[in-house]
Ligand SMILES: [Zn+2]
């Protein structure tokens, strides 16, 4: 990390940065204080600003209220994804209980990964509003220190 010079021409991929919960502006700084979802009580705690580029992690009060829609959409997508592999592996038929088993399995999986969905939803949400390079350390340094 420390050996990384500031002349970084290589742009980290958005997908990788999103999956690793990295800041949308520099794709290097962490968006969450902790890497794991445990302890769950503080799993959504974010630093005030990105440690790498100074991008505010919560641009305005209540910024993340809209993430409910994102996590809802992701949960629905996961249900559909589960449907595909469940159908391929076990088959679905209205003649037996397979649809019920699918629903129980799918609901279980969606509940289990809900903490991850909540975290990734915030990440995706911030990516919708903040472009790559939106904030730079240099620009921040010219502003008067608080
Ligand atoms: Zn950053």
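A short reminder: the numbers here are calculations on the coordinates, not readings from a lab. Quantities reported herein were computed from a predicted structural model and do not represent experimental measurements. A quick note on method: Cβ atoms are made from the backbone with ideal geometry, for glycine too, and the neighbour counts reach across all protein chains shown.
How many of the residues making up the range 110-136 are assigned to a loop (DSSP other than H, G, I, E, B) and touching a residue at least 60 places away in the same chain (Cβ under 8 Å)?
7
Considering each residue of the range 97-132, count those that are surrounded by 12 or more Cβ atoms within 10 Å (Cβ to Cβ) and farther than 25 Å from residue 61 by Cα, and give that number.
11
Take the residues in the range 81-96 that are loosely packed, with under 11 Cβ neighbours inside 10 Å and part of a loop (DSSP other than H, G, I, E, B); name whichever of them is farthest from the chain's Cα centre (by Cα).
The qualifying residue farthest from the chain's Cα centre (by Cα) is 95.
Taking the stated definitions as given, is residue 22 within 10 Å of the ligand (Cβ to nearest atom), closer than 16 Å to residue 132 by Cβ and surrounded by 19 or more Cβ atoms within 10 Å (Cβ to Cβ)?
The answer is yes for residue 22.
Residue 104 - would you say it is touching a helix residue (DSSP H, G or I) at 6+ places or on another chain (Cβ under 8 Å), farther than 20 Å from residue 137 by Cα and part of a helix (DSSP H, G or I)?
When the stated conditions are applied, residue 104 does not pass them.
Tell me whether the range 8-16 contains one or more residues that are assigned to a helix (DSSP H, G or I), surrounded by 11 or more Cβ atoms within 10 Å (Cβ to Cβ), away from the ligand (no atom under 13 Å from the Cβ) and in contact (Cβ under 8 Å) with a residue 24 or more places away in the chain.
yes
Taking the range 44-80 as the search range and keeping residues that are in contact with a helix residue (DSSP H, G or I) (Cβ under 6 Å, 6 or more places away or on another chain) and part of a loop (DSSP other than H, G, I, E, B), which one is nearest to the ligand (Cβ to nearest atom)?
Result: 53.
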